[in-house]
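One structure is given below, encoded as structure tokens.
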Amino acid sequence: MSSDAIVLLKQEHKDLQRLFKDYRALDPAGSAARGELAQQIVHDLLVHSYLVDEVLYPLVSALLRDPAHEALRDYRDHAAIDRLCEEVAARPADDPGFAGLVDALLSAATQQMSQEEREWFPRLRATLRRKDLQEIGVRLLAVRETAPRHRPGPVSGAPQGAPG
């Protein structure tokens, strides 16, 4: 398995998209199965979010030593997705608004992942050395195992006012 940070995060995106597809394929009447899969999605999204916002972004910022560096321009923190995750996690699957909330979460996450892959990741790849991306990837893998599954407070390391 590659330790390149961008390769690892793109693989997470693929894994998440597979879960999204599985969720959408479930019978809407089967709220228990949909609820369980939604909680798995929430868990995986929160871990992914933590890795990007709390590990990748701060390490890239430190390497570039310039918070206004062009390579950081397309970064978007995951605060809005994290809030949706917490809302989904707090609702029972048989709640009338649950399906709509999960749909909003999946849509927001898909849009953000697409934006990262289309804009931010290529900019990082063009700016950072391969060795840097591999070292960041090793750190992502190490932190992934102990990453929190919820966000207790504001995202640290993210620029204030960055859209989520």
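So the values come out like this:
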item: Of all residues making up the range 4-34, the number that are among the charged types (D, E, K, R) and touching an Asp or Glu at 6+ places or on another chain (Cβ under 9 Å); result: 5
item: Test: Gln111 is assigned to a helix (DSSP H, G or I), farther than 17 Å from Leu37 by Cα and within 12 Å of the chain's Cα centre (by Cα); result: yes
item: Residue list for the range 10-44, restricted to those being of a type in the set (A, V, I, L, M, F, W, C) and in a helix (DSSP H, G or I); result: Leu16, Leu19, Phe20, Ala25, Ala32, Ala33, Leu37, Ala38, Ile41, Val42
item: The one condition in (1) over 23 Å from Gly35 (Cβ atoms); (2) surrounded by fewer than 18 Cβ atoms within 10 Å (Cβ to Cβ); (3) at pLDDT 95 or above that Leu101 fails to fulfil; result: (1)
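Conditions tested, residue by residue: (1) farther than 19 Å from Asp53 by Cβ; (2) in contact with a Cys (Cβ under 9 Å, 6 or more places away or on another chain); (3) modelled with pLDDT under 95.
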position: Asp95; (1), (2), (3): yes, no, yes
position: Ser107; (1), (2), (3): yes, no, no
position: Glu119; (1), (2), (3): no, no, yes
position: Ala147; (1), (2), (3): no, no, yes
position: Arg151; (1), (2), (3): no, yes, yes
position: Val155; (1), (2), (3): no, no, yes
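Table: residues versus (1) touching a helix residue (DSSP H, G or I) at 6+ places or on another chain (Cβ under 7 Å); (2) modelled with pLDDT of 90 or more; (3) assigned to a loop (DSSP other than H, G, I, E, B).
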{"site": "Leu46", "(1), (2), (3)": "yes, yes, no"}
{"site": "Pro58", "(1), (2), (3)": "no, yes, no"}
{"site": "Ala62", "(1), (2), (3)": "no, yes, no"}
{"site": "Ala68", "(1), (2), (3)": "no, no, yes"}
{"site": "Ala71", "(1), (2), (3)": "yes, no, no"}
{"site": "Asp74", "(1), (2), (3)": "yes, no, yes"}
{"site": "Asp82", "(1), (2), (3)": "yes, yes, no"}
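The values are calculated or read from the model by the stated rules, or taken from the named source; none is laboratory data. Keep in mind that this is a model prediction, so the values were computed, not measured. Please note: Cβ atoms are built from the backbone with ideal geometry, for glycine as well, and neighbour counts cover all protein chains shown.
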